[in-house]
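Working notes for the structure below.
Computed from the coordinates by the stated procedures, all read-outs in this text should not be read as laboratory data. Computed from a prediction, not measured in an experiment: that's the story for all the values here. All Cβ positions, even for glycine, are placed from backbone atoms using ideal geometry, and neighbour counts span all protein chains on display.
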Protein chains: 2
Amino acid sequence: MKKVGVAILGLGVVGGGTYKILKEHRDFYRANHGIDITVEGVLEINRERALALGVEEEKIASNIAEICSNPEVDIVIEVMGGVEPAKTFVLSALNAGKSVVTSNKELYCKYSHVLEKVAKKNNCGLFYEASCVGGVPVIRALLDNLQGNKITSLIGIINGTTNYILTKMSSAGAAYKDVLKEAQKLGYAEADPTADVEGYDASYKLSILSSIAFHTKVPYTEIYREGITEVSAEDISYGNRLGYTLKLLAIGKCGGNGIEVRVHPAFVKKGHPLAGVNDSYNAVYISGDSVEDVMLYGRGAGALPTGSAIVGDVIYCATHNGFNYSTFENSETAAPSTKFVKNFESSYYLRLAAADKAGVLSKVTAIFSKYGISMAEVKQYTEVNNGEVPLILITHTTYENNIKKAVTDVNSTNVAKVVSVIRAI
Amino acid sequence: MKKVGVAILGLGVVGGGTYKILKEHRDFYRANHGIDITVEGVLEINRERALALGVEEEKIASNIAEICSNPEVDIVIEVMGGVEPAKTFVLSALNAGKSVVTSNKELYCKYSHVLEKVAKKNNCGLFYEASCVGGVPVIRALLDNLQGNKITSLIGIINGTTNYILTKMSSAGAAYKDVLKEAQKLGYAEADPTADVEGYDASYKLSILSSIAFHTKVPYTEIYREGITEVSAEDISYGNRLGYTLKLLAIGKCGGNGIEVRVHPAFVKKGHPLAGVNDSYNAVYISGDSVEDVMLYGRGAGALPTGSAIVGDVIYCATHNGFNYSTFENSETAAPSTKFVKNFESSYYLRLAAADKAGVLSKVTAIFSKYGISMAEVKQYTEVNNGEVPLILITHTTYENNIKKAVTDVNSTNVAKVVSVIRAI
């Protein structure tokens, strides 16, 4: 039977889950794949944590060199997160001829061009299904299943923390800060939640997914990014009443004008498959010119779901011949011919505080009309607050720049102020 | 640039779609995969159809031998459907050293053991992503992504025709026969709809998916099969009122008692991701011991979505080294140790016509209670019809055999008759 030795760098949540899966399924993989996967080394500063998981003392390495020089190790699993020292360790492993399986979205997003070059040079595999959307098989779907298509768009709910927070804000009518605190208590949000709530995590993943989908490197620095910290319970509630649910979306589009990539809160019309993706579930909705629409849904994070993706890559690596790499020039920047669209098109939800008197609506809509923006829906509510009433506008598709101009014009009138602008799909 | 010649057997809906995709994307594949895919031959009785698609006269083969002896052909795409002559043609192609990509669920389900043996012997690839759920990447997800898991269940809406009919019956309150006629007019159902509406098509697909998921051949003959022809608009309507939507489900489970495989109409509680899969959309909801729940959703049929899966397989075949085959003994029957569970567990919806008098409910529920069946919900409606009122029962999980006994007992009373029994998830 083929022996496959793995080493795990980092025994945090995902590393621990991966270790457990490999240990508990060893006989299952022997029986069904004819491969005997054993953990031949771990690198974990916290020795107690490793021992508590059941790692034998002699398998705990003191440094990366021990892992790299261990001939029993065929595949190195990197689940430390962050750029350094993960990058140095992954490069060491590749240079030592080990294939690498990683869940590290930040590392892969920022340095895929460096890592892949070294992997190729050493004839090693580099697998990263676990870097995006946990156990949901989206990377391989893009790499292997949908390559017959020109992918026109992918829209993802790809961050579990923010989806949990927005779902709770929506169901409980609670404020962002209160829900965040609760999420931190439950372990759904980190003590420093910046990477999640400001959309960095989602933009790393969107960079990875868009690069594969659109056949050119899409640097995360090209992604328009807006987090959920400014989202108000009021807007979620007004949106709900109009049949919309608020999500942090990662949107990638590719068409005649170029590539458009953005992460921001957006209202999703109920009935759209993404509207029903709640709590810490994630999903990616992909449209291609042949396949039409496909949605992949599941747990986007967590020890075992992410571990499932890692172990899937380990088995794939061990049971397939040769390795495949990016089909595009995997460089630090996009191909020179690539244009990134910044003035993107969208529908918009706008909440205005309007003077409680006749003629306001006509004045306001005249401004939007001036910029060629037509309305899909208009709601005037009767809750008077300081002499002002909420006026909700939902526009048809228009350009971002036009909305900005219209908002400036509205704010310079004395009859209404724009309180919030939220994109919609 | 690597040249890849393909031949297409059958230019029906899927064959025509595949031809169009390959033609229109030729430059796209050259640019992004460095492969030049050309159609070097087609086999199609209807020459006019081939010419109308733009196939050059000299590429239309007269027989399979011409395709097999053509050195320009590397990959044969079989999209004829049915067992013969598809089986003979596929075997000829494999024996001539051509890899095969097929969308033929009936052929692969019934003869995977034969085809794979010949593919292995000739060191050829055998790809069948398009055989199940059109453009939805479920085969490769099971083969390559989820292998780290013990898959505990898969529940699919994997037949577009029946899902279209049930969705229309539900939204329009229309009878099966009327909706079927409309579906036939629109091309969603065949003139002879038996394969779809009686659940054969779904059972072929379930056989293929379960075999991969559960690591042993699951012959379609082991699948309990019940179609949608007896479904009534009344039951759909009563179910809707209680928050259920009716679907033709293909269910595969694998646990301590063995493997359970069945295709039948079932009520799905609204809020379950499968409940929102409407019209001709399909989805497969997979649960594994590590990944938890994953759902793959999209177009389960159609020229271009199915063509997308075929072309995905062609590109995979052309750009990967070596071929992988089933990880289980791919034989005609299941492994000798496999047990198939026939007395399966489920919730049940029952509609009774009950005498419109006091004490009936107590009598009826006493019978169910005798067999250990407890009720999740009971509804007595007031529409009196011939002195009878509808009584709807929804049970907690129980055994199929117990339900059968209880139904017999109820029918032998003089206070109620069971009109319909529908399983529920």
Förster radius 51 Å - calculated FRET efficiency between A:Val384 and B:Glu383, Cβ distance, rounded to 0.05: 0.60
Innermost chain A residue relative to the axis carrying A onto B, by Cβ distance in angstrom: A:Asn321, 2
Most fluctuating residue given options A:Gly41, A:Gly258, A:Gly302, as computed from a GNM of chain A linking Cα atoms under 10 Å: A:Gly258
Separation of the A:Ser337 and A:Lys270 label points, Cα + 7 Å toward Cβ, nm: 4.6 nm
Peptide A:28-40, shielding by other chains (average Cβ, 10 Å cutoff): 2
Selected from B:Thr161, B:Thr152, B:Thr88 as most flexible by GNM, with chain B as the system and alpha-carbon contacts under 10 Å: B:Thr88
Inter-copy separations for A:Lys379, label at 7 Å along Cα-Cβ, nm, ascending: 2.8
A:His272, A:His264 arranged by Cβ crowding within 10 Å, fewest neighbours leading: A:His272, A:His264
Peptide A:308-318, shielding by other chains (average Cβ, 10 Å cutoff): 5
Teacher prompt: B:Ser412 distances to equivalent labels in other copies, 7 Å Cα→Cβ, nm: 8.8
Within a Gaussian network of chain A (alpha carbon springs, distance under 10 Å), most fluctuating of A:Asn402, A:Asn282, A:Asn386: A:Asn386
Two-decimal log10 I(q)/I(0) for chain B, as the Debye equation yields it once each C-alpha is a single scatterer, q = 0.09, 0.12 Å⁻¹: -0.61, -0.97
Per DSSP, loop chymotrypsin sites (Phe, Trp or Tyr not before Pro) in region B:196-247 with at most 12 further Cβ within 10 Å: none
Length-normalised contact order of chain B in % [C-alpha pairs under 8 Å, at least 6 apart]: 16 percent
Percent RCO, i.e. relative contact order, over region A:333-425, from Cα pairs under 8 Å lying at least 6 residues apart: 44 percent
Residue-averaged beta-carbon neighbours from other chains (10 angstrom radius) around B:129-138: 4
Among beta bridges that DSSP assigns inside the protein assembly as shown, antiparallel share in %, nearest 5: 70 percent
Computed log₁₀ I(q)/I(0) - Debye formula, equal Cα scatterers, no solvent, region A:148-216, q 0.18, 0.19, 0.28 Å⁻¹: -0.71, -0.75, -1.21
Distances in nm from A:Lys177 to the matching label points in the other copies, shortest first (labels 7 Å along Cα to Cβ): 6.7
Debye equation applied to the C-alpha atoms of region B:236-323, log10 I(q)/I(0) at 0.22, 0.24, 0.26 Å⁻¹: -1.15, -1.20, -1.24
Selection of GluC sites (Glu not before Pro), region B:162-244, meeting DSSP coil and at most 11 other Cβ within 10 Å: B:Glu230
Listed residue (B:Ser92, B:Val55, B:Ile155) projecting farthest to the positive dipole end of region B:20-155, Cβ model: B:Ile155
Distance histogram for region A:1-111 (every C-alpha pair counted, 10 angstrom bins, percent rounded to whole numbers): 15, 48, 32, 5
DSSP-assigned coil residues among chymotrypsin sites (Phe, Trp or Tyr not before Pro) in region B:354-391, each with at most 12 further Cβ atoms within 10 Å: none
Residue order, fewest to most beta carbons within 10 Å, for A:Ser131, A:Ser232, B:Ser346: A:Ser232, B:Ser346, A:Ser131
Helical contribution to [θ] at 222 nm, DSSP H n ≥ 4, -39,500 (n - 2.57), averaged over the protein assembly as shown, rounded to 500: -10500 deg cm²/dmol
Order of B:Asp289, B:Asp235, B:Asp313 - criterion: other Cβ atoms within 10 Å of each residue's Cβ, fewest first: B:Asp289, B:Asp235, B:Asp313
